[in-house]
């Protein structure tokens, strides 16, 4: 019973959001008494969630009521009934005329410049013909062979330095930049000229923190993340490790770079 | 001193020229450019450059127009200015004859006008079915669906997953909503 009533409240509020009913068609006081009446009887998490959703949807209705008042007090407001009656009275030509008097179409041109033509010609020149591009690869059966570590490195299958060397060099870079025990804002630290380099620095930073070379502190309220340099790498205390999912959003990187 | 002034004037003229290139020619799938793109190309005084360009475009019946992501911004912040979209639009309006030559049928224009006016009266949001019902009073059903899809595709109207329509970026950029509503309401009334 309580569940179905709360669901009805949620559906009713959603109808306001979708414009099916007007915001002031909802009697706020009455709806809040329904929510209040059921609150003391909540026992299960699902019911709490439903209650929270009902509150959230009702607050959206309040927001829409506020917007409605702002809209009505604006110069744009005209009585919807009057407006629709006017529209019905007007013939198609009159409506089109009214629209054209308030329409300022935008302009945009497409143009091929001499520069684009020149670079396109360069591209065409470098393009390999189809018959060459689609030739079957020359594949031959070969026995497996052995390669030395140096040969594998030369082929790019193995990094030239060990991963820990990379991490230690990165730790040193952090120390040089902020001083022993110093701190730096996350994006200031990982941000690089290219997006690929930024992702790579973020990847290394996660290991820097996991291996105890640095600490990370996130202030969720200010949405600010700081990286703290550890003068001495912290020993593994045997506690379970925590994974740090860090998002390096392309748009965020672009905004950071433009600042 | 005079030399320095001449240098500054030259630099400004170059920036106005750059602004013309950025704003007039198509760069993205959607028309217009973001404020931060203009800042990147024109420098920190990009808004002054746009003011100068707007003045120079005035005799040609064109203007630099700005649309914010949020519909009701009055006193924009720096971030809102950087995120806003800038366009070149006609300063004046077009007549029916010109509208036809740029590919608009009178039915299409009237349908768009009704949809926009209806949405404004509903605070910018209404179910698609309600708008279609209004349009069907004067246009054939098949044409209504076709037109609605066209308005959505051209960016005048938007539709969310639940079939709720809203005024999209192009309506905000091109249509003087207040004037449209005033003209519709004043229809048939003799001016005093």
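The values are calculated or read from the model by the stated rules, or taken from the named source; none is laboratory data. The structure presented is a predicted model; accordingly, all values stated were derived computationally and were not measured. Quick reminder, even Gly has a Cβ in these numbers, built from the backbone with ideal geometry, and neighbours come from all protein chains shown.
Note down all Cβ pairs under 6 Å where the first residue falls in the stretch B:29-42 and is without any contact (Cβ under 8 Å) to a residue 24 or more places away in the chain and within 11 Å of chain A (Cβ to nearest Cβ), the second is part of a strand (DSSP E or B) and crowded, with 16+ Cβ neighbours inside 10 Å, and they're at least six residues apart or on different chains. Listed pairs, sorted by first residue: none to list.
Picking from residues in the stretch B:107-120 that are facing another protein chain (nearest Cβ under 7 Å) and in contact (Cβ under 8 Å) with a residue 60 or more places away in the chain, the one that is surrounded by the most Cβ atoms within 10 Å (Cβ to Cβ) is B:117.
Of all residue pairs spaced 6 or more apart or on separate chains, those with beta-carbon atoms under 8 Å, a first member in the stretch B:144-155 that is in the same structural domain as residue B:129 (by TED's automatic domain parsing) and loosely packed, with under 14 Cβ neighbours inside 10 Å and a second member that is assigned to a helix (DSSP H, G or I) and modelled with pLDDT under 90 are B:154/B:170.
Here residue B:132 meets the list (1) buried (at least 19 other Cβ atoms within 10 Å of the Cβ); (2) part of a helix (DSSP H, G or I); (3) touching a residue at least 12 places away in the same chain (Cβ under 8 Å) almost entirely, failing just condition (1). A Cβ distance below 6 Å, combined with a sequence gap of six or more or placement on separate chains, defines the contacts here; from the stretch B:58-69, residues that are under 24 Å from residue B:168 (Cα atoms) reach residues that are in a loop (DSSP other than H, G, I, E, B) in the pairs B:62/B:91; B:63/B:91; B:66/B:84; B:68/B:84. Residue B:128 passes every criterion in (1) in contact with a strand residue (DSSP E or B) (Cβ under 6 Å, 6 or more places away or on another chain); (2) closer than 30 Å to residue B:60 by Cβ apart from (2). Please verify whether residue A:94 is facing chain B (nearest Cβ under 7 Å), at pLDDT 80 or above and in contact with a helix residue (DSSP H, G or I) (Cβ under 6 Å, 6 or more places away or on another chain), treating the condition exactly as stated. Considered against the rule, which asks whether it is facing chain B (nearest Cβ under 7 Å), at pLDDT 80 or above and in contact with a helix residue (DSSP H, G or I) (Cβ under 6 Å, 6 or more places away or on another chain), residue A:94 comes out as no.
Kindly evaluate residue B:76 against the criterion of being more than 7 Å from chain A (Cβ to nearest Cβ) and farther than 28 Å from residue B:10 by Cβ. Against the criterion (more than 7 Å from chain A (Cβ to nearest Cβ) and farther than 28 Å from residue B:10 by Cβ), residue B:76 qualifies.
As a summary of the residue check, residue B:165 satisfies the conditions (1) modelled with pLDDT of 90 or more; (2) in a helix (DSSP H, G or I); (3) within 10 Å of another protein chain (Cβ to nearest Cβ) except for the one numbered (2).
Only one of the numbered conditions (1) in contact with a helix residue (DSSP H, G or I) (Cβ under 8 Å, 6 or more places away or on another chain); (2) in a helix (DSSP H, G or I); (3) modelled with pLDDT of 90 or more is not met by residue B:158, and that is (2).
For the condition within 30 Å of residue B:40 (Cα to Cα) and either at pLDDT 90 or above or outside any helix (DSSP H, G or I) (or both), residue A:247 qualifies. Scanning the stretch B:68-93 for residues that are touching a strand residue (DSSP E or B) at 6+ places or on another chain (Cβ under 7 Å) and within 12 Å of residue A:100 (Cβ to Cβ) yields B:90, B:93.
Each row is one residue, and each column tells you yes or no for (1) assigned to a strand (DSSP E or B); (2) assigned by TED's automatic domain parsing to the domain that holds residue B:119; (3) more than 17 Å from the chain's Cα centre (by Cα).
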residue	(1), (2), (3)
B:37	no, no, yes
B:49	no, no, yes
B:53	no, no, yes
B:59	no, no, yes
B:65	yes, no, no
B:73	no, no, no
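Quick test for you: out of A:72, A:111, A:65, pick the one residue that is loosely packed, with under 14 Cβ neighbours inside 10 Å and assigned to a helix (DSSP H, G or I). Step by step, each of A:72, A:111, A:65 is checked, and only A:72 is loosely packed, with under 14 Cβ neighbours inside 10 Å and assigned to a helix (DSSP H, G or I). Only one of the numbered conditions (1) at pLDDT 85 or above; (2) more than 8 Å from chain A (Cβ to nearest Cβ); (3) farther than 23 Å from residue A:93 by Cα is not met by residue B:124, and that is (1). Does the stretch B:143-154 contain at least one residue that is in a helix (DSSP H, G or I), at the interface with chain A (Cβ under 9 Å from one of its Cβ atoms) and in contact with a helix residue (DSSP H, G or I) (Cβ under 6 Å, 6 or more places away or on another chain)? No, the stretch B:143-154 contains no residue that is in a helix (DSSP H, G or I), at the interface with chain A (Cβ under 9 Å from one of its Cβ atoms) and in contact with a helix residue (DSSP H, G or I) (Cβ under 6 Å, 6 or more places away or on another chain).
Looking at A:153, A:119, A:84, A:102, just one residue is surrounded by 12 or more Cβ atoms within 10 Å (Cβ to Cβ) and more than 14 Å from chain B (Cβ to nearest Cβ), and that residue is A:153. Just name the residue that is farthest from the other protein chains (Cβ to nearest Cβ) out of those in the stretch B:79-106 that are assigned to a helix (DSSP H, G or I) and buried (at least 18 other Cβ atoms within 10 Å of the Cβ). Among those that are assigned to a helix (DSSP H, G or I) and buried (at least 18 other Cβ atoms within 10 Å of the Cβ), it is B:81.
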